[in-house]
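As structure tokens, the structure follows; a few thoughts come after it.
Coordinate-derived values only; no laboratory data. Bear in mind that the values here come from a model prediction, so they are computed numbers and not experimental data. Using ideal geometry, Cβ is built from the backbone for each residue, glycine included, and neighbour counts are taken over all protein chains shown.
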Amino acid sequence: MKALRKEADDRLLIEAAQKDPARFAELYENNFERVYAYVVRRVGDRAETEDLTSEVFHHALANLRRFEWRGIPFAAWLYRIAANLISDRWQRRGREQVTDEVEQIESTPATSVDFEEVERRVSLFRLVDGLPAEQRRVVVLRFVEQKSIKEVAREIRKTEGAVKQLQFRALSRLRARMEGADA
């Protein structure tokens, strides 16, 4: 009974906020802690968590008129926004790292630049970017952020065995694609 009442309350709040964005404050208050907790478990850094949580609610408010009630909790929509923003941030961070490396190489005298190495890294980045989301996330956490299997498992809320399996599949897929590109 309590769950039905909560669902009805959420639906009424959403409809009210869609008509008057000033009413979004109550949705924000009801969901802030759970969204913050969701983000902090995945990001770990307090400042980044605060930034991402803010972005989630900004995005939700900006797109609230497009939200359609389908009986799924409003928090689920917020979690999906958060997951997408976190994923975007990891992809951006990976690109920035590659850009920094390219800039460092470009500032090196031409005689010491290994153009084949630059091309190999760019190709590898594109291949990683083409992996399924979970595999890409594991690769970024393990090899870009240099986290242990245990840290990755805790961050993505999977077992260490599942992380190892995702990593194995990602590396196998990357190896096969790289060998296919060499052929």
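Rounded to the nearest Hz, the phi-derived 3J(HN,Hα) couplings of segment 158-175 under the Karplus curve 6.51 cos²θ - 1.76 cosθ + 1.60 (θ = phi - 60°) are 10, 6, 4, x, 5, 5, 4, 5, 4, 5, 4, 4, 5, 5, 5, 5, 4, 4, where x marks glycine and proline.
Computed across segment 2-86, the Kirkwood hydrodynamic radius from all distinct Cα-Cα pairs reaches 13.1 Å. With neighbour counts taken as other beta-carbon atoms within 10 Å, the residues THR49, THR159 rank, fewest first, as THR159, THR49. Magnitude of the charge dipole for segment 2-86, about its Cα centre and with charges confined to Cβ atoms of Lys, Arg (+1) and Asp, Glu (-1), is about 380 debye.
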